[in-house]
Amino acid sequence: MNLKTFIRDIPDFPTQGVVFRDITPLLSDPEAIKYTEEALLDLLGEVKIDKVVGMESRGFFFAPMLASRLNAGFVPVRKPGKLPYKTIRQDYDLEYGTDALEIHADAIIEGDRVLVHDDVLATGGTANATCKLIEKIGGEIIQCNFLLELDFLNGKDRLMEYEVKSLLHF
């Protein structure tokens, strides 16, 4: 199955000059969802995973499915103020300014083997901040995997200490 046929280009979204890669056509097709889930699992191989961490918000589409298939827990990483329990925070730089992510302080147990998943790897800022959060609370990052990677933004460069795999490259 050619998954790229399920990715819609939206010019000038969210701002002028940006081509947004819309995955909602893929999400509306049950066969494409099944194929994507299997392909993401294939990127991982036969490695034991204890937790799958998904980043807000589109990382929440496939991360829980992967966790279920891997017999692992799912852990959400969210923007500040969205998680109800005690959190750990990681600030990160944007092109203009900063942002932050949070994880529940008890979401990862020391030594947990973690798969980090998001839909898109762009600049790598969100994924890098997520990895730092996981490591702060004792997790071992086994792989960062993505549905698609925007190669021209060089996000992989910010994740050089981790194994990074993506299904699609643009």
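Below are the figures for this structure:
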{"item": "Test: residue in region 128-137 that is among the β-branched types (Val, Ile, Thr) and crowded, with 19+ Cβ neighbours inside 10 Å", "result": "yes"}
{"item": "Failed item, numbered, when Thr123 is tested on (1) modelled with pLDDT under 95; (2) within 18 Å of the chain's Cα centre (by Cα); (3) in a strand (DSSP E or B)", "result": "(3)"}
{"item": "Some residue of region 56-65 being in a strand (DSSP E or B), under 19 Å from Lys132 (Cα atoms) and free of Cβ contacts under 8 Å to residues at least 60 places away in the same chain", "result": "no"}
{"item": "Check on Asp106, charged (D, E, K, R) and crowded, with 18+ Cβ neighbours inside 10 Å", "result": "no"}
{"item": "Residues (β-branched (Val, Ile, Thr) and at pLDDT 95 or above) located in region 49-108", "result": "Ile49, Val52, Val53, Val75, Val77, Thr87, Ile88, Ile103, Ile108"}
{"item": "Subset of region 91-116 (residues that are touching a strand residue (DSSP E or B) at 6+ places or on another chain (Cβ under 9 Å) and either more than 17 Å from Glu140 (Cβ to Cβ) or without any contact (Cβ under 8 Å) to a residue 12 or more places away in the chain (or both))", "result": "Asp91, Tyr92, Asp93, Thr98, Asp99, Ala100, Leu101, Glu102, His104, Ala105"}
{"item": "Residue list for region 130-148, filter: over 11 Å from the mean Cα position of the chain (by Cα) and either within 19 Å of Leu3 (Cβ to Cβ) or not in a strand (DSSP E or B) (or both)", "result": "Lys132, Leu133, Ile134, Glu135, Lys136, Ile137, Gly138, Gly139"}
{"item": "Selection from region 93-120 of residues that are in a strand (DSSP E or B) and over 16 Å from the mean Cα position of the chain (by Cα)", "result": "Asp93, Leu94, Gly97, Thr98, Asp99, His104"}
{"item": "Test set (1) out of contact with any Asp or Glu (no Cβ under 7 Å at 6 or more places or on another chain); (2) over 30 Å from Asn71 (Cβ atoms) - Asp29 fails condition number", "result": "(2)"}
{"item": "Residues satisfying the stated conditions in region 12-52, i.e. in contact (Cβ under 8 Å) with a residue 24 or more places away in the chain, surrounded by fewer than 16 Cβ atoms within 10 Å (Cβ to Cβ) and outside any helix (DSSP H, G or I)", "result": "Val47, Lys48"}
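To keep it simple, each residue is scored yes or no on (1) more than 23 Å from Leu3 (Cβ to Cβ); (2) in contact with a Gly (Cβ under 7 Å, 6 or more places away or on another chain); (3) of a type in the set (Ser, Thr, Tyr).
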{"residue": "Asp99", "(1), (2), (3)": "yes, no, no"}
{"residue": "Val114", "(1), (2), (3)": "yes, yes, no"}
{"residue": "Asp118", "(1), (2), (3)": "no, yes, no"}
{"residue": "Gly125", "(1), (2), (3)": "yes, no, no"}
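The values are calculated or read from the model by the stated rules, or taken from the named source; none is laboratory data. Predicted model, so just to flag it, every value in this text is computed and none were measured. We place every Cβ from the backbone using ideal geometry, glycine too, and count neighbours over all the protein chains shown.
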